[in-house]
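Remarks on the structure that follows.
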Amino acid sequence: MRVFLTGASGFIGARIAECLAVTGGAQVHALIHRFGTAGAARVARLAGVRMFYGDLRDPHAIQQAAEGCAYFIHCATGTSGSRHVQEAITVEGTRHVLEAARRAKAERVVYFSSASVHGPARSSLIQDDHPFTGDFPYAKMKIQAEAVVAEYAARHRVPVVVLRPTCVWGPFSPNWTVAAVELIRRERAFLPLEGRGVANAVYIDNLVDAVWLALTAPEAVGEALLINDDEPGTWGELYGGYARQLGVPLRFVSAPPGMAQMWRVSCHNAGVILRHAMQGRTRAGIQLVRELYTQIPLAKGLLAVVPDGIKGRLKQYVTDRELVAGAASASSQSSSDFLPCDVLPRPTWELYASQGRYANAKAKRLLGWRPRVPFHEAMARTCQWLRYAGYAP
Ligand SMILES: NC(=O)c1ccc[n+]([C@@H]2O[C@H](COP(=O)([O-])OP(=O)(O)OC[C@H]3O[C@@H](n4cnc5c(N)ncnc54)[C@H](OP(=O)(O)O)[C@@H]3O)[C@@H](O)[C@H]2O)c1
């Protein structure tokens, strides 16, 4: 099996490449647009992977890299640059991949969308045919990209399966493992409802199983499938697993954010960061960026005025450095001077207090998919990796 894979240097793509090349015996053509990243180094070790330089916005590079491939997995998404650039990468990039698949008369294309296209699961069971109410810029981009996929499926009969995963966690997950652990380790993660908010999350290897099945299951063609594990049930279970590994208590918060408190904590902690920087206690740039994000509740709102290009580069810098150097380089010098940052921004509050679930019955029915790795095993593997990577003692 020869597979064209985009986003192979990313969190999910790299794990797909490992599983396809090592366990699945496939030949993988990996599209890489920046060779200097930790993710690119991760896939460069694999004998079954050939790396091709190319940007999703360049249709010729995609045609060349995909030559000879009958199976396509399109994982890449716009992660850096201005909003306009990210949209071009995500939407036009998807068109270029689908066009290459059409020309190659692909046997199967798996497209990575996101459960976020359906908007937040506030209170009910969200099915795979729920309307697209996601209104964050990321969700809007994914909705547009899905329209391109639907166009190619209808007009050109490209056999596509759309996967819509929920929050993907496990080894190398930048958001739902590394960043979460970093916050919990510094006792800066706060959950509402004593952690009883519903966690819609999928363990990385369970998601990779779904990809494998989507490449082969005949009933899946033309379908869009939510991919969500049955467990953990709550954020308290997921983050509690990390907290136990770190030997720190899980912290809770009882009220939605108030503006006055946000400002008080933000101003106090900004002063502490400034003092640390002037005293030379914040040594590395990466530390400073982390401090800004984790200690100042208003940072995300204030960062809205910073141009997207600069924010994108900053995010990439932090992610790359952390993956290479582990948490040790990003650790705070002293947390005791900071006021507890227990004022969650509204979207974070909504996520952690969610009472709704994304369904997974359709994926089970059409793919024969089951979350193969149970939660306790997934957590054990993740904690082993956290120790190995230096994020946990
Ligand atoms: N992680 C989650 O929790 C989650 C949940 C639901 C859906 N998804 C979807 O799953 C897919 C994979 O997510 P992920 O977490 O693995 O993302 P990720 O780690 O951010 O990886 C994104 C990949 O896209 C590549 N890329 C960015 N711009 C590119 C360009 N111009 N040309 C070619 N490649 C480019 C990146 O390469 P560089 O590293 O070189 O920039 C990277 O390999 C995405 O479509 C995402 O929307 C993710």
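Using only Cα atoms, locate the centre of region 78-98 and the centre of region 30-48, then give the distance between them in Å, rounded to an integer.
Using only Cα atoms, the two centres lie 20 Å from each other.
Classify region 223-266 as rounded, prolate or oblate from the Cα gyration tensor: take a ≥ b ≥ c as the square roots of its eigenvalues, call it rounded if a/c is under 1.5, otherwise prolate when a/b beats b/c and oblate if not. Working shown, then result.
Values: a/c = 3.34, a/b = 1.48, b/c = 2.25.
Taking the square roots of the gyration eigenvalues as a ≥ b ≥ c, region 223-266 is oblate.
Eigenvalues of the Cα gyration tensor times 5, then square-rooted: what semi-axes does that give for region 53-143, in whole angstrom, largest first?
Ellipsoid half-lengths, sorted descending, are 27, 17, 8 Å.
Which length gain, in nm to one decimal place, applies between Ser82 and Asp55 when the Cα-Cα distance is subtracted from 0.36 nm times their residue separation?
That pair, Ser82 and Asp55, stretches by 8.2 nm at full extension.
Give me the net charge for the shell around Gln63: Cβ to Cβ below 14 angstrom, other residues only, Lys and Arg +1, Asp and Glu -1.
Neighbour charge sum, excluding Gln63 itself: +1.
Percent of Cα-Cα pairs more than 15 Å apart in region 145-229, please.
I get 68 percent for the Cα pairs in region 145-229 exceeding 15 Å.
In whole Hz, what ³J(HN,Hα) sequence does region 377-386 give by Karplus (6.51, -1.76, 1.60; θ = phi - 60°), x for Gly and Pro?
Whole-Hz 3J(HN,Hα) from phi for region 377-386: 6, 4, 5, 4, 5, 5, 5, 4, 5, 4.
Search the structure for amide H atoms under 5 Å from the amide H of Thr234, placed 1.01 Å from N in the peptide plane, and list their residues when 5 or more places away or on another chain.
For Thr234, the qualifying residues are Ala199.
Counting other Cβ atoms within 10 Å of each Cβ, which trypsin sites (Lys or Arg not before Pro) in region 16-72 have at most 12 and sit in a DSSP loop?
Answer by residue number: Arg45.
Please go through region 89-125 and write out the trypsin sites (Lys or Arg not before Pro) that DSSP classes as loop and that have at most 14 other C-beta atoms within 10 Å.
For trypsin sites (Lys or Arg not before Pro) across region 89-125 that sit outside H, G, I, E and B with at most 14 neighbouring Cβ atoms in 10 Å, the list reads Lys105, Arg122.
With each pseudo-label sitting 7 Å past Cα toward Cβ, what's the Asn175-Leu274 distance in nm, one decimal?
3.3
Is region 1-153 best put as rounded, prolate or oblate by its Cα gyration tensor, with a ≥ b ≥ c the root eigenvalues, rounded for a/c under 1.5, and otherwise prolate when a/b is larger than b/c, oblate when not?
prolate
Quote the Stokes-Einstein diffusion coefficient, in whole µm² s⁻¹, for region 49-94, based on the Kirkwood radius over alpha carbon pairs, a temperature of 10 °C and a viscosity of 1.306 mPa s.
Values: Rh = 11.4 Å.
For the chosen part, D equals 139 µm²/s.
According to a simple spin-label model (label point 7 Å from Cα along Cα-to-Cβ), what is the distance in nm between Arg365 and Gln63?
4.1
Given the protein chains as shown and a 1.4 Å probe, how many square angstrom of Lys142 are accessible, to the nearest 10?
Taking all protein chains as shown, Lys142 has close to 10 Å².
May I ask for the net charge around Gly236, where only other residues with Cβ less than 9 Å from the Cβ of Gly236 are counted and Lys, Arg are +1 while Asp, Glu are -1?
Here the count lands on -1.
In whole Hz and in residue order, list the ³J(HN,Hα) couplings for region 346-353 that follow from phi through the Karplus curve 6.51 cos²θ - 1.76 cosθ + 1.60, θ = phi - 60°; x for Gly and Pro.
3, x, 5, 4, 4, 5, 6, 9
Please list the non-local residues whose amide H lies under 5 Å from the amide H of His33, H modeled 1.01 Å from N, same-chain partners needing a gap of 5 or more.
The answer is Gly54.
The values are calculated or read from the model by the stated rules, or taken from the named source; none is laboratory data. Quick caveat: nothing in here was measured; it's all calculated off a predicted structure. Reconstructed Cβ throughout: ideal geometry from the backbone, glycine too, with neighbour counts over all protein chains shown. Heavy atoms of the whole protein, side chains included, go into the accessibility calculation; ligands, DNA and RNA do not. Shrake-Rupley method; radii C 1.70, N 1.55, O 1.52, S 1.80 Å.
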